[in-house]
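Written out below as structure tokens is the structure these notes cover.
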Amino acid sequence: MLEIGKRKTVGVKLPVLIGRSFDRHDFGFSEPAPAVQLIARDAFVADVSIKIDQLCAEIRNVSRDLEISKGDIAALRDESERNFRFVAFQDADRRTSANRHEALSKRLEDVKRQVDNIRGQMSGERESYNSFEAVSKKLCELSEFERQFRGEIRKARLSAYLFCGSVLMWLFTVLAT
């Protein structure tokens with residue numbers, strides 16, 4: 001019972017008294033009522049009124065706890081919705097990642113198939129270039145061909161210059177005569 005007296009009452013509304021003017025009356029302390037012995041009915045009424053007051057206080061406490069619980073339930077609902085959205089996002093991300101990996105593996109398989117086709121076409125005189133040494137040998141051979149080709153180009157240019165020069169000399173001699 002001491003606990004009930006310590007709690008603050010929240011939202012208690014006083015009855016509105018219409019047509020009463022209290023500004024002229026003094027509401028100071030009044031004299032205590034003389035002690036009268038209570039009869040059984042009065043004791044019952046007093047006990048019932050005390051129990052009703054306690055019940056009203058308990059109802060206020062329960063209603064306050066109910067409002068707090070409603071807030072907690074709403075927060076839990078929001079949290080569960082956030083968790084649901086996060087799980088859905090993770091699933092979508094996992095599916096996207098799996099699709100990317102699958103597309104990449106298909107591309108790699110296509111490249112491998114093309115390389116195998118190229119290796120299959122290489123037969124007879126062509127070597128298989130599976131090591132750096134084989135590639136280096138082939139590059140040396142090609143560079144030798146390139147040197148020979150450049151020499152032939154130089155010779156062709158010299159021949160072209162000599163031919164053009166002889167044609168010009170022929171023209172000068174024909175025109176001079």
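Roughly how big is segment 132-177's charge dipole about its Cα centre, with Cβ charges of +1 (Lys, Arg) and -1 (Asp, Glu), in debye to the nearest 20? Result for segment 132-177 is approximately 100 debye, rounded to the nearest 20. Sorted on the mean count of surrounding Cβ atoms within 10 Å across their residues, most packed first, peptides 149-157, 55-63 read 55-63, 149-157.
Extent of segment 132-177 along its three principal axes (Cα atoms, max minus min coordinate, largest first): 67, 7, 5 Å. Extension gain, Y161 to F132: 0.36 nm times the residue separation minus the Cα-Cα distance gives 6.2 nm. As a proxy for reagent exposure, ranking K51, K137 by other Cβ atoms within 10 Å from fewest up yields K51, K137. Along each principal axis, taking the top coordinate minus the bottom one, the Cα set of segment 40-121 gives 118, 14, 7 Å in descending order.
None of the figures in this text is laboratory data; all of them are computed from the coordinates on show. Note that the coordinates shown come from a computational prediction; the quantities given were computed from them, not determined experimentally. Using ideal geometry, Cβ is built from the backbone for each residue, glycine included, and neighbour counts are taken over all protein chains shown.
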